[in-house]
Structures are given as structure tokens and as C-alpha cells.
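J.: The structure's right below; bear with me while I get my questions together.
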Amino acid sequence: MTPSESSSRPGFSQADVGNALAQCLAYTAELPWGSRPILFALVPTAVLAAQAPGLVDPDDVSALSPVVQETESDDLEQLLTTVAWPPQVVGCALVSEITLLPPDAEADLDAALEPLLADADAADEAARQAAHAHPDRQQARLAAGVLRNGNRVALLALRDGDGQSGDLQTHPDLAPNLLDSLAETFHG
């Protein structure tokens, strides 16, 4: 893609990111729970159709297409600090599994963490174990996506009783640190 093609591309909206994240979550819904995080490049569907027509359904009218990135690392922090995107990639997304706890669970976590606060790794592991052992925990898949133009969205799909991802939810304050980390992949 030439610089003039890059600058003539239309801007993509927050809704476009949300639609791409829904596609990412649909893809991961087929994976078993306990899977590692999956990174996606967000590419304009028109660009992908022009460069790899066999990958895009001719009836696809979505503005952005998520493209799964093969990663070797299970270390999310390392991955996000080392990834580099070509100009055709206008955004990126990550889907990971998280455990949600009710607000009153904070006291349980505090009790698990207090003796370990001097060791950040041990405190993180204790928090993870306490969250997974909590009787009121809720599993979910979190999809976070950002565009080079600054638009960002995070969606949450709660795991239902049958082990499937349920309705998508969002909130303006959902996953700000993850969204910031994803945005940094374009400034690194």
C-alpha cells in the first residue's frame, strides 16, 4: 500500500471496532475454555479482499476484518511490547479469558494478598488462585480493540451455564489498561 492509499482510506469508527470485536469473539467461541489469549490484526476488509480475495466472502460488508496472529509467547506483556504492525493494519484486538468477582469479594482477595505484597509475582498468582476459587466467580471472554486513529472498545461475553459465551456487554471504563497496552503497539 502506498502512502497515498493509506491516507485516502476512510476513517473507521468505534462501531467498526465493536463489529470486529464481535467477529473475534465469535471465532473464539469455538475454542475450549482455558485457551490462551488470541491477538488479531484489524485490517480494512476492502484491503484484505484486494490482497487476498480468497479470504473474504464476496458478501462481506464489514468495514474491518480480524486476522488471527500466530504467536509463540504465552507472556502477554512481552508479546504486546514486541509486536509491530505493517501499514495495512489499522487496528488490533485481543481476546482473553478473565474471572469476574462480585464487589464483596475484595475482602477475600485482600486476605490472600496481604502477606505477599512484597513479591509482585507471588501476589499476582495468589490473586489468580483466590479469584478462581471464589464461589461467586464468573468466567468471561474479554475482547479489547483499538485503532490507530484512537477509537477503542472493549466487550465482555460472560460464560453461561452451558459453557457458551452469552450476550455481549460493554462499558466506557472496561479494560482501560489493556486498551492502553494495545494502543502502544502502534507507537512503539
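J.: Quick one: A49 ticks every box in (1) without any contact (Cβ under 8 Å) to a residue 24 or more places away in the chain; (2) in a loop (DSSP other than H, G, I, E, B); (3) buried (at least 17 other Cβ atoms within 10 Å of the Cβ) except a single one, so which number is it?
T.: Here A49 clears every test but (2).
J.: Scan the stretch 38-47 and give yes if some residue there is under 25 Å from E77 (Cβ atoms) and small (G, A, S), otherwise no. Walk me through it before giving the result.
T.: First, pick out the residues of the stretch 38-47 that are under 25 Å from E77 (Cβ atoms): 38-43.
Checking which are small (G, A, S) leaves us with 41.
There is at least one residue in the stretch 38-47 that is under 25 Å from E77 (Cβ atoms) and small (G, A, S).
J.: Something else: Of the residues that make up the stretch 135-156, is at least one in a helix (DSSP H, G or I) and either of a type in the set (K, R) or modelled with pLDDT of 65 or more (or both)?
T.: So far as the stretch 135-156 goes, no, none of its residues is in a helix (DSSP H, G or I) and either of a type in the set (K, R) or modelled with pLDDT of 65 or more (or both).
J.: With the requirement that a residue be farther than 30 Å from A133 by Cα and acidic (D, E), what does the stretch 49-104 give you?
T.: D57, D59, D60, E70
J.: On the basis of being at pLDDT below 85 and over 24 Å from A41 (Cα atoms), does D167 make the cut?
T.: no
J.: Okay, next question. Quick one: would you say S96 is among the polar types (S, T, N, Q), outside any helix (DSSP H, G or I), in contact (Cβ under 8 Å) with a residue 40 or more places away in the chain and closer than 20 Å to D180 by Cβ?
T.: It is true that S96 is among the polar types (S, T, N, Q), outside any helix (DSSP H, G or I), in contact (Cβ under 8 Å) with a residue 40 or more places away in the chain and closer than 20 Å to D180 by Cβ.
J.: Counting only residues that are in a loop (DSSP other than H, G, I, E, B) and of a type in the set (G, A, S), which one in the stretch 60-81 is modelled with the lowest pLDDT?
T.: This residue is S73.
Matching residues to (1) modelled with pLDDT of 80 or more; (2) among the polar types (S, T, N, Q); (3) closer than 22 Å to R152 by Cβ:
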| site | (1), (2), (3) |
| --- | --- |
| S8 | no, yes, no |
| F40 | yes, no, yes |
| V47 | yes, no, yes |
| V56 | yes, no, no |
| V83 | yes, no, yes |
| L100 | yes, no, yes |
| L117 | no, no, no |
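J.: Among all residue pairs at least 6 apart or on different chains, which show Cβ distances below 9 Å where the first residue, located in the stretch 169-188, is charged (D, E, K, R) and the second is surrounded by 13 or more Cβ atoms within 10 Å (Cβ to Cβ) and in a helix (DSSP H, G or I)?
T.: E184/L80
The values are calculated or read from the model by the stated rules, or taken from the named source; none is laboratory data. It should be emphasised that the depicted structure is a prediction, and the values quoted were computed from it without experimental measurement. Cβ: placed from backbone, ideal geometry, glycine included. Neighbour counts: every protein chain shown.
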